[in-house]
Amino acid sequence: MAELHIIGQIVGASGFPQSSLFCKWGIHTGGAWRLLSGLKEGQTQVDLPQTGDMAYWSHPIDLHYTTKGLQGWPKLHLQVWHQDSFGRCQLYGYGYCHVPSSPGQHTVRCATWRPLGSWQEQLAQMFVGGGPQLRSPDLIYSGADRYRLQTEAMGTVELELGIIMRHFDKHGVESVSLVVCGDWECPFLASRYQRLLGGRSHTIGCSSTIVQSPVQSGSCLLANQCHQALITCT
């Protein structure tokens, strides 16, 4: 079976109304995925920054999955909480992001949101804290009934994830190199890697970097790297 290693950390969060934050996290996958090692959920420590609004956690993530297919690719769902001086905890935001589908080192920034209650609940929240919460955390990443919610934007959580993919080529997925070149002043670099790939890559947008992207055999994949880069299979 194909194997996926996710090794990284939840760096921290910024842009929230107050500091003294901690984060609850978890990984959701489809039925074809099996966890071999690592914890699929956890919680960071509370960080109270002395300067700036960035709360640093550096919370490690180390997971090893096997799978028979690409359906149900792992999603990382987050809950950011604020703890006041009395030890009371208040929800500051929900968020989720897909685990990157290309091998290598990635920086992921996950935007968060929280539900808005009625004006009476918002007034009470200003004085006594609390606030509405989701009854089921599945709504964070499923989106089935999330469109009915009234929400407000909150801060951003930053993650650094390293992805290692193994034996995906035996299941119809191959990893090809792609040069993303938006500085049209480096045609040598672009043409060089196009020759190495046999003309299977198209270079548009972004800065001069080389990335790895998984490509389903016989299909096209649109990968957003800064601006955009289109991989075509010929």
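For a quick check: sort VAL99, VAL157, VAL80, VAL46 by the number of other beta carbons within 10 angstrom, fewest at the front. Before the final figure, lay out the partial values.
Working: VAL99 21, VAL157 29, VAL80 25, VAL46 17.
So the ranking, lowest neighbour count to highest, is VAL46, VAL99, VAL80, VAL157.
Calculate, for GLN90 and ILE7, the FRET efficiency according to 1/(1 + (r/R0)^6) with r their C-beta to C-beta distance and R0 30 Å; round to the nearest 0.05.
0.40
Tell me, THR51, THR44 in order of fewest to most beta-carbon neighbours within 10 Å?
Fewest-to-most ranking of THR51, THR44: THR51, THR44.
If each residue's Cβ is checked for other Cβ atoms within 10 Å, how do CYS23, CYS89, CYS97 rank with the fewest at the top?
Ordered from fewest to most neighbouring Cβ atoms within 10 Å, CYS23, CYS89, CYS97 come out as CYS89, CYS97, CYS23.
Every number in this text was worked out from the coordinates using simple rules, so none of it is lab data. Bear in mind that the values here come from a model prediction, so they are computed numbers and not experimental data. Backbone-built Cβ (ideal geometry, glycine too); neighbour counts: all protein chains shown.
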